[in-house]
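The values are calculated or read from the model by the stated rules, or taken from the named source; none is laboratory data. Predicted, not measured: the structure shown is a model, and the values here were computed from it. Virtual Cβ from ideal backbone geometry, glycine too; neighbours counted across all protein chains shown. These area figures cover heavy atoms from the full protein model, side chains too; ligands, DNA and RNA do not enter into them. Shrake-Rupley method; radii C 1.70, N 1.55, O 1.52, S 1.80 Å.
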Amino acid sequence: MNNTAANLILAYFIVILTLSVLCSQGPWGRCMGSDCGPGGSQSRAVWCAHVDGWTTLHTNCDQSQRPSNQQNCFRVCDWHKDLYDWKLGAWNQCVSVSTRTFGGMRPYVCNGGEEGIQTREVGCVLKSDESLGDDTICEYFEPKPRLEQACLIPCPQDCVVSEFTPWTSCSKTCGTGLKNRVRSVLVPPLFGGSACPNLTEFHTCKPGPCKGPEGVYSLRVGSWMPCSLPISRPVRQAKHRKGKGGARERPGVKDPDTRELIQKKRTRNRLNRQESPFWDIQVGYQSRTVSCAHRNGSTVGLSLCLPWDLPLTVQSCILAKDCKLSEWADWGPCSKACLDPDPESPRGQRSRTRRVHQFSVGEGEDCPPLEETEPCDPQGDGVLPCATYTWRTTEWSDCRVDSLLSQQDRRRSNQTGLCGGGLQNREVYCVPVAGAVIVASRPVDSKQCGGPVPNTSQLCHILCPIECEVSPWGAWGPCTYENCDVQEGKKGFKLRKREISNEPTGGPGNCPHLVEAVPCDEPSCWDWRLVRLDECIPDGELPCGPGTQIPQVQCVNSTGDMVDKELCGGASAPEPIACDVPCPKDCVLSDWTSWSSCSQTCSSKTIEGKQLRTRSILAYNAGEGGGMCPNSSSLQEVRNCNEHACTVYHWQTGPWGPCTEDPSASALNTTTGPRSAAGPNSSGQGPCSRGMQTRKVICVRVNVGQVPPKKCPESPRPGTVRPCRMPCKRDCIITPFSDWSQCSPTCDAAGNIQKTKQSRNRVILQLPANGGQDCPEVLEEEKDCEAPKVCPGYRWKSHKWRRCQLVPWNIREDSPGAQETCGPGLQTRAVSCRQLDGVQADIGECLKFANTMPPITQRCQLPCQDDCQLTNWSKFSSCTADCVGVRTRKRLLVGRSKKKDKCKNTQMYPLSETQYCPCDKYNAQPVGNWSDCILAGGDRVESLLGMKVQGNIKECGQGYRYQAMVCYDQDNRLVETSRCNSHGYIEEACIIPCPSDCKLSEWSNWSRCSKSCGSGVKVRSKWLREKPYNGGRPCPKLDHINQVYEVVPCISDCSQYVWVAEPWSVWKVSNLDLKENCGEGVQTRKVRCMLNTIDGPSESVEDYLCDPEDMPLGTRGSRLPCPEDCVLSDWSSWNRCSLVRITGLRPVIFIHVWRQCPDTTEKEPCSLNLNCFHYFYNITDWSTCQLSANAVCGNGIKTRMLDCVRSDGKSVDLNLERKWQMNISCVVECPVNCQLSDWSAWSECSHTCGLDGRMWRSRGVVQGSQGDGRPCPSQLEQWKPCPVRPCYRWQYSPWSECRVEEVVCGAGLRYRNLTCFVSDGSGEGEASMVEEELCGGLELAVNRDKLIILKETCVLPCPGECYLMEWSDWSPCLSVCAKGAGVDFGSVQVRSRAVMAQEPENVQLCPDQDWESRPCTDGECFEYKWMSSTWLGSSRVTWCQRSDGLNVTGGCPHINPPGDDNNSCDPPCQLPMSFCTEAGVCMCEEGYTEVMSSSGQLDHCTPIPILEIPTAGDKKTDVKTSRAINPTLPATIQPGRTGRTWYLQPFGPDGKLKMWVYGVAAGALVLLMFIVSMIYLAW
């Protein structure tokens, strides 16, 4: 059993494996071959593969089904591309996806459109004969175009109709009639949708029984037949006219004046005749039939209707003739006479015309346009290229800094010395050029130039002057001769000097004096300088006692340089100095200290300079025999110093004068540049000749003033003359005048001559400088335009009407009541073209420029004897008072009419008319909103060149705003504002607030450097005083307390403040031994912090300014040597630390023989930051960008400091290193205010009439704001109202009732009038009718339709006749769409004709209703949904409603409409989401499933799970409809979901499980049993 199962399983897997492998092949390789075309070969790989993708052995595949791996091919070469190409067929009809997939139609709920696919044929063809080729040929060059594409099949659109109108009144006043109600078509049936329902409903009515017999018969007239000519005798008429003409000839008249009058009359008569070549008017006749109609619609004998008077059956008419034109004339010249190299430039226009040979007459076809134009280019070899235009600019103006100053800047009041960043301007104009050569620099209209306009302003920079910086004064030198080569007299000078530390702008001549001199006595150019003193050597070779010290000296000059000793031969050398080597028991004194710095720089009667040196007692004398210690006054010495008087002299220089021509310079040195060198773009500052400058030099005594020059030494005297270069003269350069501007039309619409002006201007290219020629004052000229004597214009002149022509008597003599000499007829007249001055003109001119041609025919009536004849109406009588009186006009009966009774009926023939007098009372009132506030006068202040000077822009202040005025007459009709004595506006003063910039305080003083030694920072600040408003300059970035800071590095000289210690006091021995005067003791001294200068410490300052750690000791304790002790000097300073540092030696003063001296050296270990230090550089951060004090922005300097810092944090000075600072250049962005262009001219009014007209003007941003500049205002446009003008228009009156004269029914006419109406143009309210003269200047057109139709044929239905009503109005434009799916199939509008019935028995004879549609644009997309009322008992009302709220019939989906009643379900379905089916079962609506109760009744409806099945909407494809509209979304769109949603409903309408549920359960059971059995067999 187990083996059998195993074999079965093995066989099963073998079969599965056999079925799971197949031969796979790769793509064909490249076609190989030696020749192009057929005969090549290509190969491909073939292998055996499993369905899962892995490769297996070839033996596992069926070899009989193995594909070929080689085939013949067409080898394609590059030249085949010119022979073959893809041929694309047309797209086939869009086929539903469901049809292609399932092989047939299936139930489908269409929502917007059904997804479909359309195909086409694509093949590779030979271009020459379109024969098919192999697709691989074309695929070699480009991929094969796609064969399929997605499309969308529109859903069927049912006909949608409106609601019914109310019922009409009964068609009869007695008996049985009909009531009708109609509706119109809103959307026509499309794409196979349901047809339109009946548009008419009938309802019988019985107002009551008729008292007498009902009318049965009616006279019915037919339509007029076409116009035809009567049978006439033209030969006899011609002879008759000729005979009449001969009789009028009077050859005997010879008077010239009489002949001229006769000739004029003949000419006038000729014009009145109709033999004009432009009109061929022939008067004919037309007839119509009259019949008798029964009310059932049948025609009966005319005798049954004879009691009525028969209407006319014949009338005069004009024979219709079409317009006849000549052939087109040759094309006129091209308006463009040059060749433009730019292909996108506008082309020229040329035109051709044709003439009218004959105008249309009667109902003939009107004349088409007589002129046509087409674009053109000039032809021929001699055509010159068109002039091109380019922008040119003037030179830049001087750089100005004041325009960048803020409102609060104090420098606005004094702008001298401003420097740094600024603005400069220039003017831009347009000139013609040919190639790269300028034809003329004459400016032309700026509209000629294209492309970007060059900038009219730019940032510039004025170099800030560098102030001279000098070092401190050096020490006074020795008294020396002014000239050591000539040593005369006993007077000399002591000099002190300082150096330039920063070179100023303009050279060192702008620095203060660098040398000061003091007169002195006994000068010497060389002197001995003490270098050192040798050790004290006792006299007599004794070991101690008095001795001498030999000085070591050098010979130096006045500057301190060592020179030859022979030069100091005249000076006395220093003598040896007496000294004392103490013996045992003597008082021991220290060496003298160095002389202190001099207390004064000079001496006078009140002050003297002093120097001090001191020494101290090291050991007192030891009893008798020892030398005594001196008193305390002998321990210090004072000497005088700087004994020269305090009279300091120096040379003082004045400013350099102007550069003047140097008469001593040779003429050969003069260089004069050519005039052309100073073009508009050159600076013109080149040197032209040499000159010289002088200045004043005087000797000045400090604090006194000018003194004679002899008081100052001559050697440092500055020069008074220097050479210079003189700049060239620069003349004014100006362009020639532009051409005169074109004159505007000098004639208004009424033909009146108006005076206009034309102007021309020129532009300054270069301003004069350095004495050059000045510019002319006149830059613009103006003159009057030449006005024509007579304004050109044309008008139609209509001549007199000719006599009334009747239908020939032989045609109408059989008509009842006809008379030969009276009745209706036609009359004609001639029309000619005239100029406004009355001169005759060509008729084509009037066709172009005049109004509509007046009619040349009209109907007329020749009165018969029985007719009433009246005179014409008289003029209206004059009014005695406006608005309250009346005026009348009259007419009279003529002839026999006075005696006829019917003519005396004033109701039919009124003899007078009365109307109210016109009222000239008018009412003015404001209308609309106030305009923007508009500044009065010019909006900008401009410089001489017309350049826009930023900073002088007037953009605020007092202006005016305007409100339009409207004028109404007494009938509340709009009239011209001049009737109300108004100029059309109300003006009101207004204020445009001026922008206020951010206001900050002035800079505070710089703080003290944060470090007294080394590098630190110093700070200054500004605080906010006022925020900006109204578009003022913004504030810089402020901190939380509204302050802005500026931080710069600083460095403090570590030797600026030094500790100065006075000499030690006398020892105070604590254990005083009066005999010995030795032992432990204390010494004190004063220590002060003093300001260190070049001459030494000068004055005491606060102690905190000196480093407290470097403060010398003020007290020290030690042992005062006793007799016989070893006496040592003070310790020397510690030497620099290596590993161990050692003190300097302590020299031994004397030694007792029995006492040994202590060690004279001292050592201590090196310890970091105690006596051993590391050193490193400290670099500060960069400072903020520092500008000159006179600069606002531009180039500045950033600084940082570098100093040496000890490892314990102290800044130190190194002898080999000095402190230095590093600078880099920087730029502070300039606060450029927004620059705007001038306001443009006011535009044309947006409306030619009405209340809403506005004029606009605008301005553009020439340059946006930069930095902290004032931002651009938001208002770049301004408007003001136009003067209110009445809107006149021609308007049709409503059509009259269909009129059939003297009969009941049949073919008739309906009329309407063309009336002049006035309105305010707002579209609100009704227009008012006014006199036709007010519309006289308008084109005769209604809603832009020039075809004026005032009458048309109509049919008046006979009583009892069923007929079609007139066409309804066109429906609004509707989009055929699916709103949710985003699908649009175009827009359409429709109109319809409903049926109207009058007799119940004639309803079956009614014509079919009719509708017609037309495409339109911009239709609105609507949705339709079912609406229902609330339940009233067991019923409710349902209807279909459009999304705009209109109730309609049609358009709503057919699936699951809400029921009108629930009576078929018992109990009624009143649960949410439930409805009653036709089977009488309560079911849930779509998307919900039924949950039944135990009794089998519906308990509630619950949402069912949603299964999403991907559809074509998931693919990223281009979905198109069969009408090739834009790609659309899938048919069903739900938020967050894609694809079509199917609802699985396990229960049927009867509440039982559906069959597919049982099938799924059975399939699952079988699958489970199979799995269990296979597991069992495997065991």
I need a count of the residues in the stretch 138-197 that are out of contact with any helix residue (DSSP H, G or I) (no Cβ under 8 Å at 6 or more places or on another chain), open to solvent by 60 Å² or more (accessible area, probe 1.4 Å) and not polar (S, T, N, Q).
15
Complete set of residues in the stretch 389-424 that are open to solvent by less than 60 Å² (accessible area, probe 1.4 Å), in contact with a helix residue (DSSP H, G or I) (Cβ under 9 Å, 6 or more places away or on another chain) and either farther than 27 Å from residue 994 by Cβ or not charged (D, E, K, R) (or both):
391, 401, 405, 406, 417, 418, 420, 421, 422, 423
Do you know which of the residues in the stretch 814-857 that are of a type in the set (S, T, N, Q) and open to solvent by less than 70 Å² (accessible area, probe 1.4 Å) is farthest from residue 227 (Cα to Cα)?
835
How about the stretch 160-234: which strands (runs of 3 or more DSSP E) wholly inside it have at least 3 residues that are aliphatic (A, V, I, L, M)?
185-187
Within the stretch 966-981, can one find any residue that is modelled with pLDDT under 90, closer than 28 Å to residue 425 by Cβ and either under 38 Å from the mean Cα position of the chain (by Cα) or of a type in the set (D, E, K, R) (or both)?
no
Criterion (open to solvent by 50 Å² or more (accessible area, probe 1.4 Å) and farther than 30 Å from residue 418 by Cα) met by exactly one of 1203, 1238, 1208
1208
In the list 555, 602, which residue meets the criterion of being in contact with a helix residue (DSSP H, G or I) (Cβ under 8 Å, 6 or more places away or on another chain) and surrounded by 15 or more Cβ atoms within 10 Å (Cβ to Cβ)?
555
Restricting attention to the stretch 889-927, which residues are open to solvent by less than 50 Å² (accessible area, probe 1.4 Å), under 23 Å from residue 970 (Cα atoms) and touching a strand residue (DSSP E or B) at 6+ places or on another chain (Cβ under 8 Å)?
917, 924, 927
Which numbered condition trips up residue 588, out of (1) under 30 Å from residue 522 (Cα atoms); (2) open to solvent by less than 70 Å² (accessible area, probe 1.4 Å)?
(1)
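Yes or no, residue by residue, for (1) over 60 Å from the mean Cα position of the chain (by Cα); (2) open to solvent by 80 Å² or more (accessible area, probe 1.4 Å); (3) within 30 Å of residue 758 (Cβ to Cβ); (4) not aromatic (Phe, Trp, Tyr):
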| position | (1), (2), (3), (4) |
| --- | --- |
| 795 | no, yes, yes, yes |
| 799 | yes, no, no, yes |
| 812 | yes, no, no, yes |
| 869 | yes, no, no, yes |
| 872 | yes, yes, no, yes |
| 877 | yes, no, no, yes |
Scan of the stretch 1413-1426 for residues that are surrounded by 13 or more Cβ atoms within 10 Å (Cβ to Cβ) and out of contact with any Cys (no Cβ under 6 Å at 6 or more places or on another chain), ordered by number:
1413, 1422, 1423
For the stretch 746-764, how many residues meet the condition of being at pLDDT 85 or above and more than 11 Å from residue 784 (Cα to Cα)?
5
Test residue 516 against the criterion of being within 16 Å of residue 651 (Cβ to Cβ), surrounded by 14 or more Cβ atoms within 10 Å (Cβ to Cβ), in contact with a Lys or Arg (Cβ under 8 Å, 6 or more places away or on another chain) and not aliphatic (A, V, I, L, M), and give yes or no.
yes
Filter result for residue 1340 (open to solvent by 40 Å² or more (accessible area, probe 1.4 Å) and more than 30 Å from residue 405 (Cα to Cα)):
yes
Within the stretch 305-351, the residues that are open to solvent by 80 Å² or more (accessible area, probe 1.4 Å), under 22 Å from residue 1308 (Cα atoms) and of a type in the set (A, V, I, L, M, F, W, C) are 306, 308, 312
Where residue 707 falls short, out of the listed (1) closer than 30 Å to residue 648 by Cβ; (2) open to solvent by 40 Å² or more (accessible area, probe 1.4 Å):
(2)
Scanning the stretch 323-370 for residues that are modelled with pLDDT under 90, in a strand (DSSP E or B) and among the charged types (D, E, K, R) gives 324
Of all residues being open to solvent by 50 Å² or more (accessible area, probe 1.4 Å), of a type in the set (S, T, N, Q) and at pLDDT 85 or above in the stretch 1427-1474, which is nearest to residue 192 (Cα to Cα)? Just the residue, please.
1449
All positions within the stretch 198-213 that are touching a residue at least 60 places away in the same chain (Cβ under 8 Å) and surrounded by fewer than 13 Cβ atoms within 10 Å (Cβ to Cβ)
198, 204
Of all residues making up the stretch 966-995, the number that are open to solvent by 70 Å² or more (accessible area, probe 1.4 Å) and either in contact with a helix residue (DSSP H, G or I) (Cβ under 6 Å, 6 or more places away or on another chain) or in a helix (DSSP H, G or I) (or both)
2
How many of the residues in the stretch 495-518 are of a type outside the set (A, V, I, L, M), over 53 Å from the mean Cα position of the chain (by Cα) and within 23 Å of residue 693 (Cβ to Cβ)?
5
Heads up, the strands (runs of 3 or more DSSP E) in the stretch 580-653 (entirely inside) with at least 3 residues that are out of contact with any Cys (no Cβ under 9 Å at 6 or more places or on another chain) are 609-614, 636-641
I need the full set of residues from the stretch 495-513 which are under 24 Å from residue 646 (Cβ atoms), open to solvent by less than 70 Å² (accessible area, probe 1.4 Å) and in a strand (DSSP E or B), in order please.
495, 496
All strands (runs of 3 or more DSSP E) inside the stretch 1250-1338 with 1 or more residues being farther than 30 Å from residue 294 by Cβ
1254-1258, 1261-1263, 1277-1281, 1287-1292, 1314-1319
Kindly provide the set of residues from the stretch 711-745 that are in a strand (DSSP E or B), at pLDDT 85 or above and charged (D, E, K, R), ordered by number.
722, 730
Give the residues of the stretch 276-300 that are open to solvent by less than 40 Å² (accessible area, probe 1.4 Å) and without any contact (Cβ under 8 Å) to a residue 60 or more places away in the chain, sorted by residue number.
284
Considering only the stretch 763-809, state which residues are in contact (Cβ under 8 Å) with a residue 40 or more places away in the chain and part of a strand (DSSP E or B).
764, 765, 766, 769, 781, 783, 794, 795, 796, 798, 805, 806
Filtered residue count, the stretch 80-103, keeping only those that are at pLDDT below 80 and not basic (Lys, Arg)
7
